[in-house]
Amino acid sequence: MSSVELSEALIEALTRAAALPRDLPVAWPPANVPTLDRDALAEELRRTQCLGRGPELAIVALAEAGDAADPALRAELAALVGDEFVELSERPGSVAAALKTHVFDGLRVVDGARALQVDWLRPHLRGSEGAVHIAVRWSDGDVQQRARGWVRMPSYIADDLPLAPNWRARAEATLRSALAAPRPGYPESIAGALLQALIPEAVGGRAGWLLSRGIKLLGAGGDRPLVEAVAGERRHALHVMSVRHEDEAPQYGLLRWLVRVVTHEGDELVDIHEREVFVRSLAVEDYLDPAPTDESVARAAVEAWRAAAQEYLARGDVAADVEFLCHGFLRASQPLALLATWVAEGPPGAAPAPSPRARLSEERLAAAARRVRLLDEAETDALRESVDDQLLAALELDGWTVLFCPCHRPAPGTFQEDRIALCPPGGEFETILMSDPWNGHVMPIDGDAALFRIVARFWRELLDRNGLGVVFTDPRAADDEDDEDDEDDDEEASAGSTSLRAWLEFPPSDYLPPFPAIDWRVYDRSEDDFIADFSFWADGPFGMSPELQARFEAAIATHYHAYVRALIDPELAPRPE
C-alpha cells in the first residue's frame, strides 16, 4: 500500500487534469473524462513527488485549479508538487522573475472569430531538473480546443538575464504565427517560442565583448595559432576558427568552438583536423556587467595564458596529440575563463587561506591509526550476509564501523554504483555516500564535498599507516576488457586491478594534468576529484520516497557528523551558507 493519502477533492482535481491531453488539442469541455485508478495514482505520486521534475499531473492540476481554488486543495496539491521556484533566480527584472509572476497567463491574440490564448504557463525547477508546463486554448466562434505540453527550462544563464524590453510584442507575434497555421501546433513549440521571447536578442555586456573582441585577442579567426606543440617528429598548431554562442533558451550560453589542428612533419603538411567542441559557459555576471573600455589587462591575460600554455604542452606528462589539443587542452587551460576573470577582476592577488569545517590533526590521526582495525574475513562475511552482499572491506574504530562497497552491482531496478555506510556503537548502518551511475560522481549524505574530502583523507591515512592494502578488481574495467582480444590474459587481469585506497581518491574518469596555476581563481585543483557538492537523497537522481529522505536527513547528525566529531574533529563547524 502507498503512504500517499488522496482526498476526494484531490482525486477530482487530478481527474480533470488528466482530461487535458498532451500535444494534440481536443474539444473543450471534453465529452468524457478518464477514470483514474486510485491505488495506481497514489503509487505514482509517491514515486515521483521527490523527483526534480515533480509529478506532472499534479503540476497541471495545481495550475488548472487557479488562485480561486479551495485552500485545502491547493495545499494538498502543492505538497505533491513541491516549491516550483526552488533554485530559480531571484534577480529582479530577470527572465526568471517574469516566469514567477506568470506573465503569459491569459495572453491572447484574435483574428476575426478565431483566437489563441495561453491559459497558463508554469515553470517548475528543483535540483538539476526543470520544465515549463503550458496549456493553450484555440477558439473558433463557440468551438474551443485545448491541449497542454512542456519544454525544458531555460538555462540558468538565461534565467538571470534581464527581461527583453520587447518580450510582449515577440510573444504576441508567436501566438499570431501559431494561430495562422493551417492546423493547431504543438503546445511544446509554442512554449519554446514564448520562452525565447523573454530573452534579449543580442548578447550584451562583458559577454558580448568576450565573444567578439576577446576571442580575437586570443587569435580566433586569424593566421596565428592559439598554441603550437611538438610531439616527436610532428608539429601541431591549434587554431580557433570561431566561437559560436548558443542562443536557444534551454542551451543558452553554451559555447561551441570550431577548432583546427594543422600538423607538419618538418616542412611538409601531413594532416588537418577540424572539429566543433563544447567549452564551458561564461559566468552569469559576464552577461550583466558592462564591457571593458581598457584592453590592457585583457592583453596581459592573453600573454600570461600563452606563456603558461606553451609551458604546459612541453611537459612530459602531457600527450600533445591531435585528440588532446581538440578536447583536453581547452578544458584544462580555459583561455576564455582566464580572460573573463582578468577583465572583470584584474590579475590575481594572493589566494585566501582555506577555512575548513573540520581539521585533521596529526595527533588525532596518529592515535586513530593505532586503534583502528580491518575486520577479518569472518566478520566481513557476516556483514555481507546481514547488511550488504557486495561489501569489500570494513574498518572498526572505537565502536564505529565503516563499510566500503566500491563498484557496487545492486539488484535490477536500483541505481547506486558505489556505497559507503556507517554504524555507530550499538546502532544500525546507514548509507552516507552513493554515486550517480550515469555521471560517475559520488554524493555525500550532507552534500558537502569539502568535508567529505577530509573524511576520505582520514580513511586513506588509516589504511596507509597500517599497511592495509586492500586490492580488488574494478568490474567496470573488467567489462571493458571482455570486449577486447584475449591474447594476453595476465596483462588484462592486472589492468582492472585497483585498491581501496586508490578508490577513496575518487578520481575523475577523464583526468587531465593540471594547467600551471597562474590564477588560483581559474585553476584551483584542490577539488580535482569526482565528489559532488550535493547530496544523493535530496538532490540526486534516485527518486527516493519522502520517508527515506527523512531517514537520510536524520542520519546526517546521528551517523555522519557524529562520526566526524567522535573521531576526526570534535569542533566540527556548521557549513557556511
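Of the residues contained in the range 284-302, one or more are found to be outside any loop (DSSP other than H, G, I, E, B) and without any contact (Cβ under 8 Å) to a residue 24 or more places away in the chain. Taking the stated definitions as given, is Leu468 modelled with pLDDT of 85 or more and surrounded by 12 or more Cβ atoms within 10 Å (Cβ to Cβ)? Spelling it out, Leu468 is indeed modelled with pLDDT of 85 or more and surrounded by 12 or more Cβ atoms within 10 Å (Cβ to Cβ). Set side by side, the residues Arg315, Arg370 differ, and just one is within 30 Å of Glu571 (Cα to Cα) and either open to solvent by 30 Å² or more (accessible area, probe 1.4 Å) or part of a loop (DSSP other than H, G, I, E, B) (or both), which is Arg370. Of all the residues in the range 366-382, those that are within 19 Å of Gly469 (Cβ to Cβ) and not hydroxyl-bearing (Ser, Thr, Tyr) number 10.
Restricting attention to the range 518-566, the residues being of a type in the set (A, V, I, L, M, F, W, C), modelled with pLDDT of 90 or more and not in a helix (DSSP H, G or I) number 3.
Out of curiosity, is Phe452 among the hydrophobic types (A, V, I, L, M, F, W, C) and open to solvent by 40 Å² or more (accessible area, probe 1.4 Å)?
Numbers: among the hydrophobic types (A, V, I, L, M, F, W, C): yes; open to solvent by 40 Å² or more (accessible area, probe 1.4 Å): no.
No; evaluated as a whole, the condition is false for this residue.
Counting only residues that are part of a helix (DSSP H, G or I), open to solvent by 10 Å² or more (accessible area, probe 1.4 Å) and in contact (Cβ under 8 Å) with a residue 60 or more places away in the chain, the range 319-331 holds 2 of them.
Across the range 231-248, what is the total count of residues that are without any contact (Cβ under 8 Å) to a residue 40 or more places away in the chain, in a strand (DSSP E or B) and not β-branched (Val, Ile, Thr)? Talk me through it step by step, then tell me what you get.
Residues of the range 231-248 that are without any contact (Cβ under 8 Å) to a residue 40 or more places away in the chain, as a first pass: 232-235, 237, 239-242, 244, 246.
In the following step, the residues that additionally are in a strand (DSSP E or B) were identified as 234-235, 237, 239-242, 244.
Subset that is not β-branched (Val, Ile, Thr): 234-235, 237, 239, 241-242, 244.
So the answer is 7.
From the list Leu512, Leu462, Leu433, Leu504, which one is crowded, with 16+ Cβ neighbours inside 10 Å, modelled with pLDDT of 85 or more and closer than 28 Å to Asp317 by Cβ?
Numbers: Leu512 fails: modelled with pLDDT of 85 or more; Leu462 fails: closer than 28 Å to Asp317 by Cβ; Leu433 fails: closer than 28 Å to Asp317 by Cβ.
Exactly one residue qualifies, and that residue is Leu504.
Select from the range 202-230 the residues that are touching a residue at least 40 places away in the same chain (Cβ under 8 Å) and open to solvent by 40 Å² or more (accessible area, probe 1.4 Å) and write down the one among them that is nearest to Arg22 (Cα to Cα). Here the residue is Val203. Summed over the range 172-212, the residues that are basic (Lys, Arg) and modelled with pLDDT of 95 or more give a count of 2.
What's the total number of residues in the range 108-128 that are part of a strand (DSSP E or B) and surrounded by 15 or more Cβ atoms within 10 Å (Cβ to Cβ)? Number satisfying all stated conditions: 13. For first residues located in the range 86-107 and closer than 16 Å to Thr174 by Cβ and buried (at least 18 other Cβ atoms within 10 Å of the Cβ), partners that are among the acidic types (Asp, Glu) and modelled with pLDDT of 95 or more and lie 6+ apart or on another chain with Cβ distances below 9 Å form the pairs Leu107/Glu172.
In the range 134-171, which residue that is hydroxyl-bearing (Ser, Thr, Tyr) and closer than 16 Å to Gln196 by Cα is modelled with the highest pLDDT? Steps first, answer last, please.
Pass one, the range 134-171, residues hydroxyl-bearing (Ser, Thr, Tyr): 139, 155-156.
When the remaining residues are screened for being closer than 16 Å to Gln196 by Cα, the result is 155-156.
Details: Ser155: 91, Tyr156: 88.
Applying the filter and picking the extreme gives Ser155.
Selection over the range 231-256 of residues that are touching an Asp or Glu at 6+ places or on another chain (Cβ under 8 Å), under 23 Å from Ala202 (Cα atoms) and surrounded by 21 or more Cβ atoms within 10 Å (Cβ to Cβ) gives a count of 2.
Tally the residues that are under 23 Å from Ala538 (Cα atoms) and at pLDDT 80 or above, restricting the search to the range 19-55. Qualifying residue count, the range 19-55: 0. Under 26 Å from Leu403 (Cβ atoms), open to solvent by 80 Å² or more (accessible area, probe 1.4 Å) and modelled with pLDDT of 75 or more: is that true of Glu571 in this structure? Considered against the rule, which asks whether it is under 26 Å from Leu403 (Cβ atoms), open to solvent by 80 Å² or more (accessible area, probe 1.4 Å) and modelled with pLDDT of 75 or more, Glu571 comes out as no. When the range 161-192 is filtered for residues that are small (Gly, Ala, Ser) and open to solvent by 40 Å² or more (accessible area, probe 1.4 Å), the ones remaining, listed by number, are Ala169, Ala173, Ser177, Ala180, Ser189. Within the bounds of the range 341-356, is there any residue that is aliphatic (A, V, I, L, M), open to solvent by 10 Å² or more (accessible area, probe 1.4 Å) and closer than 24 Å to Gly214 by Cα? Within the range 341-356, one or more residues are aliphatic (A, V, I, L, M), open to solvent by 10 Å² or more (accessible area, probe 1.4 Å) and closer than 24 Å to Gly214 by Cα.
The values are calculated or read from the model by the stated rules, or taken from the named source; none is laboratory data. In this text the structure is predicted, and so the values were computed from the model without any measurement. With ideal geometry, Cβ positions are generated from the backbone for all residues, glycine too; neighbour counts draw on all protein chains shown. Side chains included, ligands, DNA and RNA excluded: accessible areas come from the protein's heavy atoms. Shrake-Rupley method; radii C 1.70, N 1.55, O 1.52, S 1.80 Å.
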